[in-house]
Amino acid sequence: MNWTTILTKEARQNCIVRTDNIARKYQLSERVVRNALRRYEAQGLVERVSTKIYINHLNQHFSPRDLVNVLRPRSYISLESALVERGIISQNPSVLICVTPGYPQAFRSKSVTIVYRKISPALYWGYEEKATRYNKYLIAEPEKALLDWIYLNRQEGLPTPLDELHLQFLNPAKLRTYALRFPRTVSETIKDLLVETAYPSQIPTTDSRG
């Protein structure tokens, strides 16, 4: 069996290779498929992300977003990753950050790191579907991404530098409505943020004249 031909053929349809799909399609055992892909990984043609999922480097259109809902179907991109994409913050994280109502997990390969942080099932909403060239993925609405970020970072004692946000990309009415579905500490933070945005604090200047 010519695996280069198989990988080339698969690359025309998707940038991701699943061992279970290949095994079923070519009537092979998954063990045989994994062993073959391991050899081709050493040559740099594929890249293992998880037990069943590989990136096919014969396809030049791969994006980490292709993997988000393949690895964890019940998840969506949020927090810093969604905030950067929406223009709300400018510092791009080095990993792709998602949330899930399931267990937290991280997938690391040579070129990709995707982190799934756990969120309450009651807060698993406020996302929309988008698509890469080959796959679909879910991403938080900008208002929900901000709320997720405040909520999870404060739960874990991490900083939330609100003064660095570009709030013009948010819908204030939607942000207020969504915030009411979060714990009170989060909704109060949003209330204060919106008040401060509408009525910035006036810091008195010191008269230096003698």
Relative contact order (percent, whole number), the range 78-180, Cα cutoff 8 Å, 6+ residue spacing: 27
Potential lengthening between R74 and A131 on full extension [0.36 nm per residue; Cα-Cα distance subtracted]: 18.9 nm
Order of W3, W149 under a 10 Å beta carbon neighbour criterion, fewest first: W3, W149
Unit charges at the beta carbon, dipole of the chain: most positive-side option, I190, F62, L37: L37
Karplus-derived 3J(HN,Hα), 6.51/-1.76/1.60, for each residue of the range 92-102, Hz, glycine and proline x: 7, x, 7, 10, 8, 10, 10, 10, 8, x, x
Lysine pairs in the chain with Cα atoms under 27 Å, if 8 or more residues apart or on separate chains: 26
Percent RCO, i.e. relative contact order, over the chain, from Cα pairs under 8 Å lying at least 6 residues apart: 15
GNM flexibility winner over the chain from P159, P142, P64 (Cα, springs under 10 Å): P159
Whole-number D in µm²/s for the range 3-60 (Stokes-Einstein; Kirkwood sum over Cα pairs; 10 °C, 1.306 mPa s): 145
3J(HN,Hα) from dihedral phi, the range 187-193, Karplus parametrisation 6.51/-1.76/1.60, rounded to Hz, x for glycine, proline: 5, 5, 4, 5, 4, 5, 4
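Suppose R0 equals 30 Å; then what is the FRET efficiency for V95 and D20 from their Cβ-Cβ distance, rounded to the nearest 0.05? Provide the component values of the computation, followed by the final result.
Working: r = 26 Å, r/R0 = 0.87.
The formula returns an efficiency of 0.70 here.
Counting alpha carbon pairs within less than 8 Å and at least 6 residues apart, what relative contact order, in whole percent, applies to the range 3-60? Show your work: numbers first, answer last.
Values: 60 pairs, mean separation 24.8, N = 58.
It rounds to 43 percent for the range 3-60.
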Derived scalar couplings ³J(HN,Hα) [the range 140-147; Karplus, 6.51 cos²θ - 1.76 cosθ + 1.60; whole Hz; x for Gly, Pro]: 5, 4, x, 5, 5, 4, 5, 5
For the chain, built as a Gaussian network whose Cα springs stay under 10 Å, the top-fluctuating residue of E143, E196, E128: E196
The chain, dipole about Cα centre (Lys/Arg Cβ +1, Asp/Glu Cβ -1), debye to the nearest 20: 1200
For Y137, distant residues with modelled amide H under 5 Å away: K130, A131, T132
Scattering profile of the chain at q = 0.12, 0.15 Å⁻¹ [log10 I(q)/I(0), Debye over alpha-carbon scatterers]: -0.70, -0.94
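Quick note: the coordinates plus some simple rules give every number you see, no bench work behind them. Fair warning: this is a prediction, and the values are worked out from it, not measured in the lab. Quick reminder, even Gly has a Cβ in these numbers, built from the backbone with ideal geometry, and neighbours come from all protein chains shown.
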